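Visitor: I'd like to ask you about the structure that follows.
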Amino acid sequence: MSQVSVKSPKHCAKQGLNVDKLYKKLFFAFSGILTTLLLLILMIWIILRPAKPEFTLKEAAIYQLSLSGPNLLNSSIQLTLLSKNPNQKVSIYYDELQVYAAYKGQQITVDTFFPSFYQGHQDRNLLTASLVGAGLPVASSFNYEVGRDKTAGKLVLNLKGEWKNQVEGRDLGFRAIQN
């Protein structure tokens, strides 16, 4: 007769996953730090509720939009923008703000840079710029498309802008860079 080996449940529990205690401590330390950091970021976001600044075109005037030579464009556009900070607890300092005009995907003015400025809580600022393009290369169909749109009675230009700013929460002394 052969002998049957029967193991008790207490004996099986001792053979469980054997992880070194140091790894457990490191895992719990890192997960605790990560959880605390995420909760801190969430709390700051809930308190400040930052919103993106809003830009509205108030006025635009096209002074020149003509071809000089084969497929070279000269353009001059004057525009006025209204910049609004919708945040109640966050101020914005604009380091760089640049704007250019485009027509049907083609850039028709060079980048125009605005000077740095500060915008407090719920402030509004009027920004004025002259967008100029001299001798910019455009597609060969550009003159035809502009003529067709003028005949139709409307010319749709896109104003595109990029900015780098610093967001500052005055109430908490919190400062962060936002692109």
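The values are calculated or read from the model by the stated rules, or taken from the named source; none is laboratory data. On a predicted model such as this, the values are computed, not experimentally measured, just so you know. Glycine also receives a Cβ, built like all others from the backbone with ideal geometry; neighbour counts cover every protein chain displayed. Note: accessible area is taken over every heavy atom of the protein model, side chains too, but ligands, DNA and RNA are not part of it. Shrake-Rupley method; radii C 1.70, N 1.55, O 1.52, S 1.80 Å.
Visitor: Take LYS164 and decide whether it is out of contact with any strand residue (DSSP E or B) (no Cβ under 8 Å at 6 or more places or on another chain) and either open to solvent by less than 80 Å² (accessible area, probe 1.4 Å) or at pLDDT below 85 (or both).
Guide: Taking the combined requirement at face value, the residue does not satisfy it.
Visitor: Only residues that are over 28 Å from LYS154 (Cβ atoms), of a type in the set (Ser, Thr, Tyr) and open to solvent by 10 Å² or more (accessible area, probe 1.4 Å): list them for the stretch 86-128, please.
Guide: Residues satisfying the conditions are TYR93, SER116, TYR118.
Visitor: Go through the stretch 84-105 and give me each residue that's at pLDDT below 90 and of a type in the set (S, T, N, Q).
Guide: ASN87, GLN88, SER91, GLN98
Visitor: Is it the case that some residue within the stretch 17-37 is surrounded by 10 or more Cβ atoms within 10 Å (Cβ to Cβ), under 25 Å from the mean Cα position of the chain (by Cα), at pLDDT 90 or above and farther than 30 Å from LEU127 by Cα?
Guide: yes
Visitor: Among the residues of the stretch 46-61, is there at least one that is open to solvent by less than 70 Å² (accessible area, probe 1.4 Å), in contact with a Pro (Cβ under 9 Å, 6 or more places away or on another chain), farther than 26 Å from LEU157 by Cβ and not in a strand (DSSP E or B)?
Guide: There is at least one residue in the stretch 46-61 that is open to solvent by less than 70 Å² (accessible area, probe 1.4 Å), in contact with a Pro (Cβ under 9 Å, 6 or more places away or on another chain), farther than 26 Å from LEU157 by Cβ and not in a strand (DSSP E or B).
Visitor: Among the listed residues LEU73, LEU81, LEU131, identify the single one that is open to solvent by less than 40 Å² (accessible area, probe 1.4 Å), in a strand (DSSP E or B) and more than 22 Å from ASN165 (Cβ to Cβ).
Guide: The match here is LEU73.
Visitor: Of all residues in the stretch 84-102, which are outside any loop (DSSP other than H, G, I, E, B) and farther than 14 Å from GLY161 by Cα?
Guide: Within the stretch 84-102, LYS84, VAL90, SER91, ILE92, TYR93 qualify.
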